[in-house]
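Read through the structure below, which is laid out as structure tokens, and then see the notes.
The values are calculated or read from the model by the stated rules, or taken from the named source; none is laboratory data. Owing to the predicted nature of the structure, the values given are computational and were not obtained by experimental measurement. All Cβ positions, glycine included, derive from the backbone under ideal geometry; neighbour counts span all protein chains shown. Surface accessibility is based on the protein's heavy atoms, side chains included, excluding ligands, DNA and RNA. Shrake-Rupley method; radii C 1.70, N 1.55, O 1.52, S 1.80 Å.
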Amino acid sequence: MPSIASLALASLLAVPGISTLIPKLPLEKYIKSERAIALQGVLDNIGPNGVKVPGAGRGIVIASPSKVDPDYFYTWTRDAALTLKTLIDEFLLGNKALQPYIEDYVHSQAVLQTVSNPSGTLLPSGSGLGEPKFTANGTRFNGNWGRPQRDGPSLRAVALIQYSNYLISRGKRERVKTEIWPIIANDLSYTGQYWNSTGFDLWEEVSGSSFFTTQNQYRSLIEGAALAKTLDVPCTGCGQAPQVLCFLQSYWNGKSFTANFITGSNNRGGVDANTILGPIALFDAGAPCDSPTLQPCHSRSLANFKVFVDTFRNSALYPINAGISQGKGVALGRYPEDTYYNGNPWYLITLGAAEFLYDAVAGWSKNGYLTIDGASLPFFKELYPLARVGKFSWYHPSYYVLQHLVRTYADTFVAVAQKYTPANGMLAEQFLKSAPFTPISAANLTWSFASFVSMAQRRDGRFPTSWVPRSGPQKPVVPSVCAASSVQGTYAPATAAGAPNVTAPCVSTVRFVLNATTYYGENVYITGDGPTLGNWDLAIAYPLLSSNYTAERPMWWADVPLDMTAGSGTTTVKYKYARQQNCGQDWIVEAAERTVQVPACRTDGSSQVLVETNDAFIGQGGTPGSC
Ligand code: NOJ
Ligand code: NOJ
């Protein structure tokens, strides 16, 4: 261990302003070159001009150009919003060339909000805003998916608010009010209405409530309220903020954050990167470290960080981390039970850990003191065995020593990412946890690239604009009793930003029930009349669920909200069932058309089942392929 004196000396180098005297390390070179590659990597994945994503619509952020294994040639509301937040920060830091991308994004989101989808519609209830993904040209995605996901609207609101604040500072208040606020208002309405309803987590796998989602929902409502005040408009939903903050505290289990409250059985222990990515998404360098917003420098966030990282030090779980000692960065994945591509480290999480630590240091630095309590002591002791509980102000050597050590620790996570970055700088989604440790899953993942850029901004001492109110009625104060509340949202298409002037669709919900014996990997769809059933186009047929399937009763079913806007009164709808095979063999479609008499549709958002079918598949069964 280095002597205290040398540590104290080294720590002086970390004092802002003096740090630039540190000799350039190879890591610096990597960061410099990779940062440029990463920024370009992001832009290459945005339509209509992104060179890697031909066919993507204007302002559509594609998750990855990868079209097979996995097919990520879609836009996710979450990935897009997090990416734009970073681009907007980069723009605010002086990269003026990014403004057209931001403008295109504003437009694309106004339109996407109005696209009816399997989660629902914008009108009358906002339910469609919870849809996680759309096709590259902005049409609905009908496949089975973990939906709804309730982080997307909040993340989008945060990105758009950041840009709106910039525009207002440039005298464009009226433009923000008429064009951008209507988009934000829909997302805040959604957040206020549904924050307490279950939904899928950011990994799209478990339904319940998720730390990452709750934390971002809170931020959006607070920032939304401030913007509404500036614009002198009401914010439906923003009043829910204190209750969301109350709920956020409940994820703490005494040692770490339980990442998800999951409905139904599961094998999760609760350790999950969502609790690292949440704090970096709402980082505000000037917020007090004990703010209940749970900033990276909060003692609970630090305690949780250590629990999370230590989980991946287990070399039986992650051979890639074998032989790396405590206090040094390791490769990090989503959660220890992950099986997606066998569960590997992710670039955006390993880089996110570095960003988290840079943020924590910035928090101490801006606040002028650092507090160690019982919860965070193990985090500090790992880096500095002499650490002890107490409050350390700017005149205390420990204040500098610890900041220096945490910053150095952060660098070791970047070095891990560097070690597994291929020579061309490409950042995929994951890299193998076992030899040969090469990239795997989606190549050129937009979110991986964006995470590199934001990490590099923080390491450079570039921070996003502040959002946590320090005083006044919006100052974060946790209510003494939590309430599971909700407020009805108000929704309208953001027409001034280019959204079509949609109206509430007229919907008749039909429960389709089918008997069809299938093999594992085979799926069943309905193809038929009207937009919901895909107008006989198999590519956008409506998927059935096998959730009630048993050997005795091989039941496939779905409650399908048929959009009957074009019809009137009782209508006959024609349809067929179609089997989709496991390896891309031809579909097996029923020969004869079926009909169902559909009662008059309703515009009140009701999803009450009006009629139920009782069908049995007619035609041959499927045959598994070997793929
Ligand atoms: C795709 C999701 O995006 C990913 O997060 C998930 O792990 C896999 N589906 C498997 O469910
Ligand atoms: C899978 C991840 O789990 C999810 O968070 C992400 O939105 C999609 N991939 C697209 O990148």
- Item | The one condition in (1) of a type in the set (Val, Ile, Thr); (2) within 16 Å of ligand 1 (Cβ to nearest atom); (3) within 15 Å of His404 (Cα to Cα) that Val361 fails to fulfil | (2)
- Task: Hey, could you check the stretch 193-216 for residues that are under 12 Å from Ala281 (Cβ atoms) and in contact with a Gly (Cβ under 6 Å, 6 or more places away or on another chain) and say which is farthest from ligand 1 (Cβ to nearest atom)?
- Result: Gln215
- Some residue of the stretch 346-362 being under 18 Å from Ser451 (Cα atoms), part of a loop (DSSP other than H, G, I, E, B) and in contact with a strand residue (DSSP E or B) (Cβ under 7 Å, 6 or more places away or on another chain): no
- Task: For the stretch 308-317, state whether one or more residues are within 16 Å of ligand 1 (Cβ to nearest atom), farther than 30 Å from Pro242 by Cβ and either of a type in the set (Val, Ile, Thr) or open to solvent by less than 20 Å² (accessible area, probe 1.4 Å) (or both).
- Result: no
- Query: Which residue out of Thr263, Thr258 is open to solvent by 10 Å² or more (accessible area, probe 1.4 Å) and modelled with pLDDT under 95?
  - Reply: Thr263
- Message: Within the stretch 80-98, does at least one residue satisfy the condition of being more than 16 Å from ligand 2 (Cβ to nearest atom), aromatic (Phe, Trp, Tyr) and more than 24 Å from Thr213 (Cβ to Cβ)?
- Response: yes
- All positions within the stretch 128-148 that are open to solvent by 30 Å² or more (accessible area, probe 1.4 Å) and either part of a helix (DSSP H, G or I) or more than 16 Å from ligand 1 (Cβ to nearest atom) (or both): Asn137, Thr139, Arg140
- May I ask you to list the residues in the stretch 321-338 that are basic (Lys, Arg) and within 14 Å of ligand 2 (Cβ to nearest atom)? Arg334
- Do we find that Phe261 is more than 16 Å from ligand 2 (Cβ to nearest atom), closer than 20 Å to Lys475 by Cβ and not in a helix (DSSP H, G or I) in this structure? no
- Query: Does at least one position in the stretch 469-476 carry a residue that is among the small types (Gly, Ala, Ser), more than 16 Å from ligand 2 (Cβ to nearest atom), surrounded by fewer than 23 Cβ atoms within 10 Å (Cβ to Cβ) and outside the structural domain of Tyr318 (by TED's automatic domain parsing)?
  - Reply: yes
- Task: State the number of residues belonging to the stretch 443-479 that are farther than 26 Å from Asp44 by Cα and either within 16 Å of ligand 1 (Cβ to nearest atom) or within 22 Å of the chain's Cα centre (by Cα) (or both).
- Result: 4
- Taking the stretch 329-378 as the search range and keeping residues that are of a type in the set (Val, Ile, Thr) and open to solvent by less than 10 Å² (accessible area, probe 1.4 Å), which one is farthest from Gln457 (Cα to Cα)? Ile372
- Determine if the stretch 154-173 includes at least one residue that is under 17 Å from the mean Cα position of the chain (by Cα), assigned to a loop (DSSP other than H, G, I, E, B) and either touching a residue at least 40 places away in the same chain (Cβ under 8 Å) or within 16 Å of ligand 1 (Cβ to nearest atom) (or both). no
- Within the stretch 164-196, residues being surrounded by fewer than 24 Cβ atoms within 10 Å (Cβ to Cβ) and either touching a strand residue (DSSP E or B) at 6+ places or on another chain (Cβ under 9 Å) or among the hydroxyl-bearing types (Ser, Thr, Tyr) (or both) number 5
- Query: Here are some residues: Ala423, Ala415, Ala375. Which one is outside any helix (DSSP H, G or I), small (Gly, Ala, Ser), assigned by TED's automatic domain parsing to the domain that holds Leu277 and touching a residue at least 24 places away in the same chain (Cβ under 8 Å)?
  - Reply: Ala375
- Message: Please count how many residues of the stretch 480-522 are among the aliphatic types (A, V, I, L, M) and more than 29 Å from the chain's Cα centre (by Cα).
- Response: 5
- Message: Looking at Tyr341 and the list (1) within 16 Å of ligand 2 (Cβ to nearest atom); (2) within 28 Å of Ser220 (Cα to Cα), which single condition is not satisfied?
- Response: (2)
- Answer yes or no: is there a residue in the stretch 392-401 that is assigned to a helix (DSSP H, G or I), away from ligand 2 (no atom under 16 Å from the Cβ), open to solvent by 50 Å² or more (accessible area, probe 1.4 Å) and over 27 Å from Ala322 (Cα atoms). yes
- Only one of these is closer than 28 Å to Tyr166 by Cα, more than 16 Å from ligand 2 (Cβ to nearest atom) and in contact (Cβ under 8 Å) with a residue 40 or more places away in the chain: Gly130, Gly126. Name it. Gly126
